[in-house]
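Written below as structure tokens is the structure these notes are about.
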Amino acid sequence: MQELCEAYRTLYREEYVKKQKKLICMMLVCMLLLPILSGCGKGGLSDGTESGTVPEAQKELFAMDTYMTFTGYGEKCQEAVDAAAAEIERLDELLSVGDTDSEIAQINQNGKGRISEDTKVMLEESLFLYETTQGAFDITIYPLMEAWGFTTQNYRVPEQAELQKLLEAVDASQVQYDPQTGEVVLADGQGIDFGGIAKGYASGRVMQIFEEYGLVSGMVSLGGNVQCYAAKTDGTPWRVGISNPDSGDGGQDLLGIVSVTNQAVITSGGYERYFTDPETGKTYHHILDPADGYPAENGLTSVTIVSSSGMLADGLSTAVFIMGPEKAADYWRQYGDEFEMILMAEDGNVSVTEGLEDSFTTDFPLSVITRE
């Protein structure tokens, strides 16, 4: 049985990588990048940038359970993408709940521990989001993710009584944290997971590394989470394609394209990770609502957050999906100085906050969310 489970996990990982590669390739086409290069070369963008003026490097990596690409433009492009990949691997070892030696796994196992500076940043942002989203974003949801099998790929539908018991500990306000010492103490039955914010933090670190190496332009795609450094080398914005969650049914591959400079574009949807119950035929996705322990069903199929902060965009893409369209619009009106959003509803209609009205294009019916 153990060998069978391991074979299943391997197959799942291979299929997941294939899906991520397809998604990233689609995004790269939308960004008008050249094919993958093995090292620095005298290449330019295919959108009119003068060829032979800006060195380019690209690197691939599988980490944080996802397929990633790093692209940099500048004299130290190869050093920059190599350093970025090394940083991602370091963060993966630090945060992985599946690695028993990681910082987070040790805290979950012992119920307490002292966290590093990286984890402090993520924890403090997570607690801020927990408070402002009224619990929609909650890092203590980890035991629920485990119960559903989303952390192990041993999928199952938990009994309601089991979920109710686990929900007693799903409450980030019960986490004791001393910002001076970095000491974290969990309540009984709690476990934490930064999976809803870690990739956004990681992409932000890549932007800092690109700046340290003096790059003129660059981007990173962490499993479809895109963050762009500066503008393209010709000074025009990056054009990031957003996947259509219904494309598997013969629809369009893209929901739309958003133009950005120095911003992250991060999308969450139930189509990313899911399983079908063989007994009932019902499909369950991985974005669990901390209020009841079940996959969120609040009228949205896709949420994209655009922000200069990858960490904020990552966390909010999950929280907004759980909130649903009306609460999401109210949240944006209160806190939207730092982010914009693109929402796709179950009926196929798309809404965009007014800050993206002129930079987002789509063939779907579109409405604009305004401040009033």
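The values are calculated or read from the model by the stated rules, or taken from the named source; none is laboratory data. As the structure is a computational prediction, the values presented were derived from the model and not from experiment. Backbone-built Cβ (ideal geometry, glycine too); neighbour counts: all protein chains shown. Side chains included, ligands, DNA and RNA excluded: accessible areas come from the protein's heavy atoms. Shrake-Rupley method; radii C 1.70, N 1.55, O 1.52, S 1.80 Å.
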Which whole number of Å³ per residue matches the convex hull of the alpha-carbon atoms in region 194-267?
82 Å³
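Report, in listed order, any pair from Lys76/Lys199; Lys112/Lys327; Lys59/Lys282; Lys199/Lys232; Lys59/Lys112 with a Cα-Cα distance greater than 30 Å.
Lys112/Lys327; Lys59/Lys282; Lys59/Lys112
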Here the gain from full extension of Glu211 to Glu87, 0.36 nm per residue of separation minus their alpha-carbon distance, amounts to 43.2 nm
Determine the per residue accessible area of region 152-276 with all protein chains present and a 1.4 angstrom probe, expressed in square angstrom.
40 Å²
How about region 257-361: which chymotrypsin sites (Phe, Trp or Tyr not before Pro) there are in a DSSP loop, with at most 16 other Cβ atoms within 10 Å of their Cβ?
none
Set Lys and Arg Cβ to +1 and Asp and Glu Cβ to -1, take the dipole of region 269-372 about its Cα centre, and tell me which of Met344, Gly315, Ser359 lies farthest positive.
Gly315
With DNA, RNA and ligands ignored, accessible area of Ile209 (1.4 Å probe; Å², nearest 10):
10 Å²
Full-extension gain in nm, Lys165 to Glu326, via 0.36 nm per residue minus C-alpha separation:
55.0 nm
